[in-house]
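Some notes on the structure that comes next.
The values are calculated or read from the model by the stated rules, or taken from the named source; none is laboratory data. Just so it is clear, the structure is predicted and the values come from calculations on it, not from any experiment. Please note: Cβ atoms are built from the backbone with ideal geometry, for glycine as well, and neighbour counts cover all protein chains shown. When the accessible area is computed, the model is the full protein with side chains, heavy atoms only, and any ligands, DNA or RNA have been set aside. Shrake-Rupley method; radii C 1.70, N 1.55, O 1.52, S 1.80 Å.
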Amino acid sequence: MTEMTRVSDGFSLADVDPDSTPGFDGGKAEGETALRDGVDELSELQERLFAASRAGDTRNVLLVIQAMDTAGKGGIVRHVVGQVDPQGVALRSFKAPTDEERSHHFLWRIERALPGPGMIGVFDRSHYEDVLIGRVRQLAPADEIERRYGEIVDFEQRIVDSGTELIKVMLHISPDEQKKRLQERLDRPDKYWKFNPGDIDERSQWDAYMEAYQIALTRTSTERAPWYVVPANRKWYARLAVQRLLTDALRRIDPQWPDADFDVEHERARLAAS
């Protein structure tokens, strides 16, 4: 399932059907059951990762989520990452850079937010904003945007070499599905807080964003830091796909419970006598 969403040579974003469910033959009910069934393994692996860091294991996981507005980033955080122990999760949402952040290199604020040992870091948007909206809205000169692709590849190689399992996910929805979700936010008072009038403005640049994504995905998907494009019109499928990507990453790390740094039998005897 996960390999079928991986960006490889010859990848074309236009060929990805946002309604599809690659690698999964069931429907919504089966997908939601599979998501529930995967919680225990993901939760245990995350706890083992966190525990191993207390014994000096410095490895971690970083999940980068990029998407057009309404694609379901928040749902991934709630329904996938939210199923593990929150003390082992570091969530960071990257908005427009502050004045201080603009005064630094574009990767400065990203470096400061990288997860520590034993953590699952989650970036809701990321350094890719600097080659996506930056390209579409011409927020930097063309030669600067071009240079950033190489810097991103080098940066990601460095953090992977340092022990980070990097998972980069684009949640891919259709413009029609986005319109339906935006309409729901306007129709439901409990969704007003999610609505941003600027999202409608960004829709006018849909083709430009798809072109920017195509370039970013193919220029920065590498063997050790690949991109995964997850069809996201069906929320249940997107959540299941990301859960499996996270689980696969933790399996590769295979964190182990740390050995006791005390005499177990001695402490057992002391407890019995207390």
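Sorting Trp257, Trp193 by accessible area puts them as Trp193, Trp257; the probe is 1.4 Å, largest comes first, and only protein heavy atoms count. Taken per residue, the accessible surface of segment 191-274 reaches 57 Å², heavy atoms only and a 1.4 Å probe. Surface composition of the chain: carbon and sulfur make up 48 percent of the accessible area, probe 1.4 Å. Structure note, pairs Lys73/Lys194; Lys73/Lys168; Lys95/Lys194; Lys73/Lys179; Lys28/Lys194: Cα-Cα distances above 18 angstrom occur for Lys28/Lys194.
The gain in end-to-end length when the Asp190 to Tyr149 segment is fully stretched comes to 10.8 nm, 0.36 nm per residue minus the alpha carbon separation. Heavy-atom accessible surface of Lys194, to the nearest 10 Å², is about 60 Å², with a 1.4 Å probe and all protein chains retained. Solvent-accessible area per residue in segment 1-107 equals 52 Å², computed with a 1.4 angstrom probe and all protein chains kept. The alpha carbon centroids of segment 172-201 and segment 31-102 are separated by 24 Å. Here's the picture: charge each Lys and Arg Cβ at +1 and each Asp and Glu Cβ at -1 in the chain, and of Tyr213, Tyr192, Thr247 the one pushed furthest to the positive end of that dipole is Tyr192. Here Leu139 sits with roughly 120 square angstrom of accessible surface, probe radius 1.4 Å.
Given R₀ = 25 Å, what would the calculated FRET efficiency be for Trp206 paired with Ser20, taking r from the Cβ atoms and rounding to 0.05?
About 0.85, to the nearest 0.05.
Largest accessible area first, the listed residues Asp201, Asp40 line up as Asp40, Asp201 when surface is computed with a 1.4 Å probe on the assembled protein chains.
Remark on Glu165: its backbone amide H falls under 5 Å from those of Asn60, Val61, Leu62, a criterion applied only to residues 5 or more positions apart or on other chains, H modelled at 1.01 Å from N.
About the centre of its Cα atoms, segment 180-257 shows a dipole size close to 380 debye [charges on the beta carbon of Lys, Arg (+1) and Asp, Glu (-1) only; nearest 20 debye].
Placing a pseudo-label 7 Å from each Cα along the Cα-to-Cβ vector at Asp254 and Glu30 gives an inter-label distance of 3.1 nm. May I ask for log10 I(q)/I(0) of segment 17-167 at q = 0.11, 0.14, 0.19 Å⁻¹, from a Debye sum over the Cα atoms as equal point scatterers with solvent left out? So the normalised log intensities work out to -0.53, -0.83, -1.26.
Rg and Dmax of segment 196-274, based on Cα coordinates, read 24.1, 73 Å.
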